[in-house]
Each structure stands twice: as structure tokens, then as C-alpha cells.
Amino acid sequence: MEKSETKRLIPVGISSCLLGNQVRYDGGHKRSKYCLNVLSDCFEFVPFCPEVAIGMSIPREPIRLVGNAEAPRVRGVKNPDLDVTDEITAYADTVSQEHQELCGYILMKGSPSCGMERVKVYHENGMPNEAGSGAYAARIMRNNPALPVEEEARLNDHILRENFITRVFVYSSWQEEVMKNPSLHEVIQFHSRHKYQLMAHSYEGYKQLGQYLANEAPNKPLNEVLADYILSLMTHLKNRANRKSHTNTLMHILGYLKRDIDSETKQDLLDAIEQYRTSKVHLVVPLTLLKHYLKRHGSDYIQSQAYLDPYPHELGLRNYI
């Protein structure tokens, strides 16, 4: 993909080693070709390495999680007296405070500091305990519960990749469209543009947030509405959209064309949606056809739906789901 000099890149935090920086305990890196060669076209990566940030050397003694899996300590493997838990969590607090511009975060799998989940935790005697989250990652996620977070290795899964990138673009739009000049009106406008995107991930969430904005939000302080809405939206968007939920969404969108297309065109659209539902084609097929007719016949409301173009088409994400 060609990079545009005028295109606004979305700020996304990333484990520094994934950018090829030699910051790991052994002096190596874990360079991610996908992040550097593809996602860098739309994301402005902001690298972080908590171990280096708190003054640990390169190379350095390896560390691991020890103790309670819910709140483990970060200790040296060779020297158990080395404990950097407090330093790492304090650094996560600093990052959370000083980098509120971030719209997503990509973490290094398995790291005792940056691993999102399933990180090995050990008992004091060295025996394996239940798995947990890296100390830095856990603190970042606790401090920023609405922030889209994913591990780089999980981006190899087409569905997880599309889900994460969708959430990053939604969160970025929220920051740009709502938080720069927040008001209940802007929240409602934002929700209106993201209704079908939400429907594809959670029909219950689609109903609940609509009811919340209509019935509860007008009687609450704006700051509370902003916090409640974005956390609820991002939580619902974590649900993985599937063929059934996408099909339901496509059928709802098709309803906006029924009066303006002939029966043959309608049947072509229905056939494309059915082929998608039955796994004969990918999502891009019925969507491309729908978008063609929406451009000619659709209302401003339906054409403005983020679901139709949630991210740059060059990413090709819907060619695989």
C-alpha cells in the first residue's frame, strides 16, 4: 500500500521489540512483518519497552511471574531477590497518563511484562502455576478498559485481526468525532453512524446502547455518559462477528433498498448474502454488491454507516472472513 503524506495515522502503542528494536533480555528482537509492512500504513506506532524504561540493561537477567496468578510479582529467574514489579506497574501508570492519544495497543505474546494473557506464572518453589497477564500489560488494560488491546501473534487469525483493527478505527473515530468537542448530541450522532457495526458484533449491545441513549443518558452528567458509552461500546465490539451476525446485518441494510430495486436485483443480492451465510464466499462479495446499489439508491443515513467501510479497503480484511 502506498503511504499518503496527508493521511492521518492512528497512534497505536506497541511492544518495542515488535518493531525490530533489539531490546529483549537476550539483546534480540521479535520484528513483526505484518505490523511494519502493512499496519504501518494506517497506524503510527509508539514503541514501549517497560524493562528498558525502568533501567534494566540489554542484555539482562530474564524475569518471570511468580506467586498469585491474579497479582504475580515480577522476579529474576536466576536471582529471585530481583523484584521489578513496582517499577513496571509505575511505568504503566505513567504511560497511561502521558499517552492518552493512543487508540490501540499491540503486545508481545508470552512476555512477563507485556503478555496480554496465558503468560506463565510460577509458584515460589518454581513449579508452574495458573497462567496470567504480564504485569505491565495488566496495568495498561486496567487503567484503560476501553482501549483496544491485542497480542501480535493473535493477529495471524483473520477474525481476531479484523476484530482488533475494527475496534482501533472505532476508538479513533470516537476520539476525533466526539472527544474533541463532547456533547450528548455528538455521542448520539456517533452512535447513529455505528449502529450496524455494533449490530454485527452484538445484537443485544445494539439494543441496549440505543435504549441507554434514548432513556438514561439525557438525565446523566455528560462525563458519565461519555465513560459509560465508550466502555460499553468497546466491550460489545470485542465479541467476534460471525457469518450469522453479519448476515443479519446485511439483511437489515438490504431493507433500505427494497423500494428502489427491481425483483431481479433484489434476488441477486439475496443470493450473494446466502452464499456468504453458507461459507461459499467471503464477506467482501455481498458487501461490494450492496455498496454498489446503496451508492445509487441508499439514503444519506445508510450510506454513512461505518459498517460499510470500517477501515481502508486496501487492508483486505474482509477478503478472509
### Options Pro80, Pro47: the member that is touching a Ser or Thr at 6+ places or on another chain (Cβ under 8 Å), of a type outside the set (D, E, K, R), surrounded by fewer than 17 Cβ atoms within 10 Å (Cβ to Cβ) and not assigned by TED's automatic domain parsing to the domain that holds Met179
Pro47
### Complete set of residues in region 172-214 that are out of contact with any Phe, Trp or Tyr (no Cβ under 8 Å at 6 or more places or on another chain) and either modelled with pLDDT under 95 or basic (Lys, Arg) (or both)
Lys180, Arg193, Lys207
#### Entry: Every residue from region 189-204 that is within 17 Å of Trp174 (Cα to Cα), in a helix (DSSP H, G or I) and of a type outside the set (A, V, I, L, M, F, W, C)
Gln189, His191, Ser192, Arg193, Lys195, Tyr196, Gln197
### Task
With the condition kept exactly as written, say whether any residue in region 69-84 is part of a strand (DSSP E or B) and either among the aliphatic types (A, V, I, L, M) or touching a Phe, Trp or Tyr at 6+ places or on another chain (Cβ under 8 Å) (or both).
yes
### Message
Could you tell me how many of the residues in region 156-189 are crowded, with 19+ Cβ neighbours inside 10 Å and either in the same structural domain as Cys114 (by TED's automatic domain parsing) or over 30 Å from Leu18 (Cα atoms) (or both)?
### Response
2
### Task
Answer yes or no as to whether Ile273 is among the β-branched types (Val, Ile, Thr), part of a helix (DSSP H, G or I), over 21 Å from the mean Cα position of the chain (by Cα) and surrounded by 14 or more Cβ atoms within 10 Å (Cβ to Cβ).
yes
### Task
Mind telling me which of the residues Tyr136, Tyr229 ends up being under 17 Å from the mean Cα position of the chain (by Cα) and either more than 22 Å from Gly104 (Cα to Cα) or in a helix (DSSP H, G or I) (or both)?
Tyr229
### Message
Restricting to region 288-321, give me the number of residues that are within 21 Å of His191 (Cα to Cα) and not basic (Lys, Arg).
### Response
16
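Residues are listed down the side, and each one gets a yes or a no for (1) in contact (Cβ under 8 Å) with a residue 60 or more places away in the chain; (2) crowded, with 16+ Cβ neighbours inside 10 Å:
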| residue | (1), (2) |
| --- | --- |
| Leu102 | yes, yes |
| Ile106 | yes, yes |
| Met116 | no, yes |
| Val119 | no, yes |
| His123 | no, no |
| Pro145 | yes, no |
| Glu150 | no, yes |
### Query
If you go through region 215-226 one residue at a time, do you hit one that is surrounded by 15 or more Cβ atoms within 10 Å (Cβ to Cβ), touching a residue at least 40 places away in the same chain (Cβ under 8 Å), assigned by TED's automatic domain parsing to the domain that holds Glu177 and assigned to a helix (DSSP H, G or I)?
yes
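The values are calculated or read from the model by the stated rules, or taken from the named source; none is laboratory data. Here the structure is a predicted model, which means the values were calculated and not measured. For neighbour counting, all protein chains shown are included, and Cβ atoms are generated from backbone atoms with ideal geometry for every residue, glycine included.
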